[in-house]
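Enquirer: Before we start, here is the structure in question, set down as C-alpha cells.
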Amino acid sequence: MPQSRLQRLSFLQPIIILLLVGMAAISLTFSVKNFKSVEKTIKTSSFQAFNNSIEASYDIVDTALNESIKRYLKGIVTTSAEFISQIQNSPVLSAEQKKRVIQDYINDSKIGDTGYPYILNSNGDLLYHPIFQGRNVGQYLHIQQQIGNDDNFVEYLWTNPGDEKPRKKITYSVYLPDSDLIVSASACKDELLHFIDKSLLKGKLNKYQYGETGYVYVIDLDGKLLLHPSYEGENVRDLIGSHADGLLEKIRQSAHAYNLQMNQHQTTSSDHSRMDIEDYTYQITLDNKTYQKDVLFIYYPYLDWAIISGISRDELNQPTNTLLYSLLTLVISLTALILILMLLLNHRHRKLINVLNRDYLTGLYNRGTFHSKVSPLIKSSNSNNKFKPYSIILLDIDFFKRINDNYGHLVGDKVIAIVGRTMTQYPNVLAGRYGGEEFILFIRDNDIESVIEFTDQIRTQISNYNTLHEDITLSAGITTINKPNVLLDDVIEQADKALYYSKHNGRNKITHYQNI
C-alpha cells in the first residue's frame, strides 16, 4: 500500500474514532433524556392501572348493593301493583271503598325503618302516600325520572323531616298496565344494607386484583377484615402490625370528612361525588427482607367500609427497573431498544384500555364503551348525506333470577358467559353487555325480517345449550332506524320497550318496535 495512503488512513483513524465516540455519547445522552420521559409514562401508566383497580372495586361494591336492593324493591313494587290492580278492577267495591283500601295498604306497608310504597300519576300528583297524599312533587328530578320511564331505578339524596343531614335514597317504580298511575317503593339505602351478598361480592373483587402481590380487600373502621382472600375475619393489625394504626387513622379522617361534607350538602334531589382515593405507605419485613407497601383506599359510607388495594413498591416499579437494566446493557442498540420499549408501552396501554372497556365476564364491550363505539358510527352515517340504516337489538336472559336461585351465581355467571361467547361469533356485529343479564347489539341492517331472523338465530343457538338440563331462553327487542339525527338513547329506549313487550307477553319472544 502506498505510504501516502497509509498516512491518510492514520490521519483519519482518530477522527473516525472521535466521530464514533461523539455519536455514541450523543446517542447515549439522547437515550437517557428519552428514558426519563418513558420512565415517567410507565410510572404514570402503572399507577393509573393500580388506581383503576380501586375505582373498579368501589363500583363493584356499590353495584352489588344496588342490584340486591333493586331486586328487593322490585318485588315489593310488583306485589303492590298486582294488589292495586285487583282492587281497582274489583266489581264489588265502590270507588270510595277502593280508595280507602289502597290508602290503608300504603299506610300499613313499611320498607326498612322509614321507607314506604306510594302511588302518583304522570302529572306528579301523590295520589296515595302515607304522609303527603294530594301533594304535587313533579318538580323533583327523581320524580321526573319516574314519570319519564317505566321500570325505573333511581338514587338521590333526600332529607326526611327530623333528619340532620341528607341520606341516600333508592326508588323503584313501574307504570300500572294501561294506566298513567306509577307504583313506587322508596327506602333509605343504609336501611337495606343487609341484602348485600358478601360471598358474591368477594368473588368479584378477587378478579380485580392488580399484579402478582396486589389484591383488593375490605375492612371496617375498627380494622376487621370483612372481605379478604386469605385472612377474612381477622384484624388488619394481625397482618401489618402497628402500621395498621396509621392506615385506620387516615380512613377515619376520610369518614369524618365525608360526614362533614354531608352536613354541608343539604340538597334533596341531587347527588355529589364519592370520596377521593387516598394513599398510605408503610414498610414490612419478611424473611429478613424489607419491602415497601403502597396502599390505595376509598371510604364507602353506606356500609362504613374501607375498600383497600395494596401492592409492593418493587412490583409497582418493576417495569421501570426492567427498562433501566435493558438500557445499561444494550447501549449499542439504543434505537432498537427505544422502539421495543415504546411497543411494549403501547401494548400495555392497549391492554389496560381493553380491561377498562370490556366486561370481565363475557369479553364484550361494557355499557359505556358500547355507547362510545356506536355514537361515532351513527354520526358518520349522518354526515355528507350518506346515511346508513341500522338496527339495535336488546336481549335479556329469561328467568335469570331463577337460574341464580336454583343453581347458584357461579352457574348464572357461566350462562352469561355462554351468551356473550355466542355473540362474539359474529364479527360484523358490535355487541356489548348492557347490564346484568341484558345484552345489546348494533347491526348495519334495516331489513326487519332479516334482523329478526338473525336474532332468532342467536336465540336458537343459546337454547341448544344443555348446561342446566333445561332450556336457556332469551327475550329480545329490536328497533330499526331509517332516518338520520336520531339520538342513540332514544333508539335504545325503543328497543327496550320492544324487549319489555316480549318479556310481558310470554318471554322467549322477539318483538320489533314497529310491531308493538
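The values are calculated or read from the model by the stated rules, or taken from the named source; none is laboratory data. A quick note: this is a predicted structure, and the numbers were derived from the prediction, not measured. Counting neighbours? That spans all protein chains shown, and the Cβs are built from the backbone with ideal geometry, glycine included. We work out accessible area using only protein heavy atoms, side chains counted, and drop any ligands, DNA or RNA first. Shrake-Rupley method; radii C 1.70, N 1.55, O 1.52, S 1.80 Å.
Enquirer: Quick one: Asp456 ticks every box in (1) part of a helix (DSSP H, G or I); (2) over 26 Å from Gln514 (Cα atoms) except a single one, so which number is it?
Expert: Status for Asp456: all satisfied but (2).
Enquirer: Let me ask something else. Which of the numbered conditions does Ala49 fail, given that it passes all the others? Conditions: (1) open to solvent by 60 Å² or more (accessible area, probe 1.4 Å); (2) at pLDDT below 85.
Expert: So the condition that Ala49 fails would be (1).
Enquirer: Still on this structure, please answer the following. So which residues in region 110-124 are open to solvent by 30 Å² or more (accessible area, probe 1.4 Å) and touching a His at 6+ places or on another chain (Cβ under 9 Å), if there are any at all?
Expert: Tyr116 - this is the single residue of region 110-124 that is open to solvent by 30 Å² or more (accessible area, probe 1.4 Å) and touching a His at 6+ places or on another chain (Cβ under 9 Å).
Enquirer: So Thr480 ticks every box in (1) part of a strand (DSSP E or B); (2) in contact with a Lys or Arg (Cβ under 8 Å, 6 or more places away or on another chain) but one. Which box is left unticked?
Expert: Only one criterion is unmet by Thr480, namely (2).
Enquirer: From the residues in region 130-168 that are of a type in the set (A, V, I, L, M, F, W, C) and farther than 30 Å from Gln494 by Cβ, which one is surrounded by the most Cβ atoms within 10 Å (Cβ to Cβ)?
Expert: So, considering only residues that are of a type in the set (A, V, I, L, M, F, W, C) and farther than 30 Å from Gln494 by Cβ, the one surrounded by the most Cβ atoms within 10 Å (Cβ to Cβ) is Leu157.
Enquirer: Could you tell me whether region 372-387 includes any residue that is closer than 17 Å to Ala495 by Cβ, open to solvent by 20 Å² or more (accessible area, probe 1.4 Å), in contact with a helix residue (DSSP H, G or I) (Cβ under 8 Å, 6 or more places away or on another chain) and aromatic (Phe, Trp, Tyr)?
Expert: No, region 372-387 has no match at all.
Enquirer: Of all residues in region 109-137, which are part of a loop (DSSP other than H, G, I, E, B) and of a type in the set (Phe, Trp, Tyr)?
Expert: Passing the criteria: only Phe132.
Enquirer: So Leu127 clears everything in (1) among the hydrophobic types (A, V, I, L, M, F, W, C); (2) open to solvent by 20 Å² or more (accessible area, probe 1.4 Å); (3) within 30 Å of Phe297 (Cβ to Cβ) except one condition, right? Which one?
Expert: (3)
Enquirer: Could I ask something else about it? Of the residues Asp471, Asp445, Asp398, Asp405, only one is touching a Leu at 6+ places or on another chain (Cβ under 8 Å), at negative phi and of a type in the set (Asp, Glu); which?
Expert: Residue meeting the stated conditions: Asp398.
Enquirer: Of these, Ile84, Ile54, which one is on the phi < 0 side of the Ramachandran plot, more than 17 Å from the chain's Cα centre (by Cα) and open to solvent by less than 70 Å² (accessible area, probe 1.4 Å)?
Expert: Ile84
Enquirer: A follow-up question, please. Pairs please, first residue from region 138-161 and in a helix (DSSP H, G or I), second anywhere and of a type in the set (A, V, I, L, M), Cβ atoms under 6 Å, 6+ apart in sequence or on different chains.
Expert: Final answer for the pair search is His142/Val154; Ile143/Val137; Gln145/Val154; Gln146/Ile182.
Enquirer: If a residue has to be open to solvent by 10 Å² or more (accessible area, probe 1.4 Å) and either touching a His at 6+ places or on another chain (Cβ under 6 Å) or of a type in the set (D, E, K, R) (or both) to count, how many in region 439-487 make the cut?
Expert: Number of matching residues: 11.
Enquirer: Within region 91-108, identify whether any single residue is open to solvent by less than 60 Å² (accessible area, probe 1.4 Å) and not in a helix (DSSP H, G or I), and answer yes or no.
Expert: Yes, region 91-108 has at least one match.
Enquirer: Further question: Please enumerate the residues belonging to region 413-433 that are open to solvent by 20 Å² or more (accessible area, probe 1.4 Å) and either free of Cβ contacts under 8 Å to residues at least 12 places away in the same chain or not polar (S, T, N, Q) (or both).
Expert: Asp413, Lys414, Ala417, Arg421, Gln425, Tyr426, Pro427, Val429, Leu430, Arg433
Enquirer: Is it the case, given these coordinates, that Arg252 is touching a residue at least 12 places away in the same chain (Cβ under 8 Å), touching a Leu at 6+ places or on another chain (Cβ under 8 Å) and surrounded by fewer than 18 Cβ atoms within 10 Å (Cβ to Cβ)?
Expert: When the stated conditions are applied, Arg252 passes them.
Enquirer: Right, here's the next one. All but one of (1) modelled with pLDDT of 60 or more; (2) surrounded by fewer than 17 Cβ atoms within 10 Å (Cβ to Cβ) hold for Lys74; which doesn't?
Expert: (2)
Enquirer: Answer with yes or no whether Ser475 is under 24 Å from Asn152 (Cα atoms), part of a helix (DSSP H, G or I) and among the polar types (S, T, N, Q).
Expert: When the stated conditions are applied, Ser475 does not pass them.
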